[in-house]
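Notes for the one structure printed next.
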Amino acid sequence: MVDIYESAVRSHHSTRYNDAVFARRTEWKLAPNRLTQKLRQLRAAETEILDLTESNPTRCDLRYEGARILAALSHPESLRYDPDPKGLASAREAVAAYYVERGAAEGTRVDPERIVLTTSTSEGYSFLFRLLCDPGDEVLVPFPSYPLFELLADVQDVKLVPYPLFYDHGWHLDLHAVKAVLTERTRAIMVVHPNNPTGSYVKTTEAEALNQLCRERELALVADEVFLDFAHSGLPRDSFVRNQGALTFTLSGLSKIAALPQMKVAWIVTSGPEELAAHAGERLEMIADTYLSLSAPLQLATPRLLQQRHAMRGQILERIAANIAELDAQLANQGACRRLEVEGGWYGVLRVPVTRSDEELALELLERQRVLVHPGHFYDFPGEGNLVLSLITPTQRFQEGVKRLLQHISEMP
Ligand SMILES: Cc1ncc(COP(=O)(O)O)c(C=O)c1O
């Protein structure tokens, strides 16, 4: 007895709690994967790495209007605290104006009252999961797709259920596959428009089919449009913000469209059948009111920060076009690898011969060529043979990195 008691006291005082104190949702495998371990080792030894995965725009040699950005942050009103749960009206009006500018027909203006500001799209997801799901409810998510979704759902006790996209001269949504994974617990269907990393937009026919399904099964549609403005054709693509066919939540933010991830300003736009959208808006406002998470300086700066998107979008599209041209030119000189078709976004997918796992190949490239790429399984590609590259990588680095990568693959046993 004494022993047990002493050890309990000891462990308490040394703060070595038993892990039972933690919620099961936090039982993550925290050990870094092999690629991350290797990368840390090499970086610790100050080895120069050609990183072809960089998607933080502030590290990609883009030209920012620094003085203007900083000036936007010093609005005199920042000294007052006068919060609005949905976000300050001036910021929401600027977001509504963004949708008008990118091509709204008269009369289909986005109502600023249907906009809720969040600190990030990720926070937007957590609000929506809170709004739509009880613990254990399910949300359908495309795969391959952005790996953070899993964690975002996990921390909200939501179960993500993947539905596959298939590739046939571009990526497509298979409605049968979506229907096949629906259950009694499904609350929402997510689309990523365009998807990361496949770069595919949701087609009009696919959106119509999803609307019908959501209406029939009383589900919400969640559209992630952080890369919407980066269609490689340069032509504007339709947003879901005016989707009326089902209860719809459209997510976007400054992180990608203005290339300002550090500013932490994003939003959710609610649309759909009037009464349902109004009820959703009230509940969402209550969730936002619980946190009031945005700072006044950032909200007051939002109209001016949104203006930055014009300068950034042009540079980013130029960078992407240059990198795709470079990649295609190098691919034309070999027969082992090919690039998958991509319509928009910041990523490219390279199909490579399957002679080892993608992780093994990425490790080899890092160890022997000092080139960092992401193996497809990070994004849940079905099967092996896919590497993901960031197309906003500075072009010289991209050129040299791709050269080493293709050379390595051509010499592989
Ligand atoms: C598809 C997708 N959604 C959301 C995000 C996160 O955006 P935010 O910085 O607004 O949380 C990312 C970031 O890469 C993304 O790729």
Original post:
Taking Y81, is it more than 16 Å from the ligand (Cβ to nearest atom), under 20 Å from the mean Cα position of the chain (by Cα) and touching a residue at least 24 places away in the same chain (Cβ under 8 Å)?
Top reply: no
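Yes/no per residue for (1) within 16 Å of the ligand (Cβ to nearest atom); (2) closer than 20 Å to G376 by Cα:
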position: D157; (1), (2): no, no
position: F166; (1), (2): no, yes
position: P194; (1), (2): yes, yes
position: L228; (1), (2): yes, no
Original post:
How many of the residues making up the range 235-261 are within 14 Å of the ligand (Cβ to nearest atom) and among the charged types (D, E, K, R)?
Top reply: 1
Original post:
Can you name every residue in the range 208-242 that is modelled with pLDDT under 95 and more than 22 Å from T198 (Cα to Cα)?
Top reply: R242
**OP:** Pull up the range 262-297, narrow it to residues that are within 16 Å of the ligand (Cβ to nearest atom) and in a helix (DSSP H, G or I), then point me to the one that is surrounded by the fewest Cβ atoms within 10 Å (Cβ to Cβ).
**Re:** Q262
Original post:
When the range 157-192 is examined, which residues are found to be polar (S, T, N, Q) and either free of Cβ contacts under 8 Å to residues at least 12 places away in the same chain or surrounded by 15 or more Cβ atoms within 10 Å (Cβ to Cβ) (or both)?
Top reply: T186
Original post:
Of (1) surrounded by 15 or more Cβ atoms within 10 Å (Cβ to Cβ); (2) part of a helix (DSSP H, G or I), L62 satisfies all except one. Which?
Top reply: (2)
**OP:** Would you check if T47 is in contact with a strand residue (DSSP E or B) (Cβ under 7 Å, 6 or more places away or on another chain) and in a loop (DSSP other than H, G, I, E, B)?
**Re:** no
**OP:** Take the range 6-47 and flag every residue that is modelled with pLDDT of 85 or more and more than 30 Å from K159 (Cα to Cα).
**Re:** K38, L39, R40, Q41, L42, R43, A44, A45, E46, T47
Subject >> Matching residues, the range 365-393, being β-branched (V, I, T) and in a strand (DSSP E or B) >> reply: V371, V388
**OP:** For Q396, work out the one condition from (1) touching a residue at least 24 places away in the same chain (Cβ under 8 Å); (2) of a type in the set (S, T, N, Q); (3) in a helix (DSSP H, G or I) it doesn't fulfil.
**Re:** (1)
Original post:
without any contact (Cβ under 8 Å) to a residue 40 or more places away in the chain and under 21 Å from H279 (Cα atoms) - does that describe any residue in the range 222-242?
Top reply: yes
Original post:
Of everything in the range 98-119 that's part of a helix (DSSP H, G or I) and in contact (Cβ under 8 Å) with a residue 60 or more places away in the chain, which residue is nearest to the ligand (Cβ to nearest atom)?
Top reply: Y98
Original post:
Tally time: how many residues in the range 214-228 are part of a loop (DSSP other than H, G, I, E, B), buried (at least 22 other Cβ atoms within 10 Å of the Cβ) and of a type in the set (D, E)?
Top reply: 1
Original post:
Has the range 137-148 got any residue that is among the aromatic types (F, W, Y), more than 21 Å from A280 (Cβ to Cβ) and within 16 Å of the ligand (Cβ to nearest atom)?
Top reply: yes
Original post:
How many residues are of a type in the set (S, T, N, Q), under 26 Å from L39 (Cα atoms) and outside any helix (DSSP H, G or I) if we restrict to the range 312-364?
Top reply: 2
**OP:** Could you please tell me which pairs satisfy a Cβ distance under 9 Å, a separation of 6+ or placement on different chains, a first residue in the range 341-357 that is modelled with pLDDT of 95 or more, and a second residue that is among the polar types (S, T, N, Q) and assigned to a strand (DSSP E or B)?
**Re:** W346/S390; Y347/S390; G348/S390; V349/N386; L350/N386; R351/N386; V352/N386
Original post:
Just checking, how many residues over the range 168-188 are more than 16 Å from the ligand (Cβ to nearest atom) and closer than 27 Å to R351 by Cα?
Top reply: 9
Subject >> Pairs, first farther than 22 Å from Y146 by Cα in the range 195-211, second assigned to a loop (DSSP other than H, G, I, E, B) and basic (K, R), C-beta under 9 Å, six or more apart >> reply: none
Original post:
Looking at the range 31-54, which of its residues are among the hydroxyl-bearing types (S, T, Y) and either loosely packed, with under 12 Cβ neighbours inside 10 Å or out of contact with any Leu (no Cβ under 9 Å at 6 or more places or on another chain) (or both)?
Top reply: T36, T47
Original post:
If you check T270, T302, which single one turns out to be under 30 Å from S74 (Cα atoms), touching a helix residue (DSSP H, G or I) at 6+ places or on another chain (Cβ under 9 Å) and among the β-branched types (V, I, T)?
Top reply: T302
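The values are calculated or read from the model by the stated rules, or taken from the named source; none is laboratory data. Note that the coordinates shown come from a computational prediction; the quantities given were computed from them, not determined experimentally. In this analysis, Cβ positions are derived from the backbone assuming ideal geometry, glycine residues included, and neighbour counts consider all displayed protein chains.
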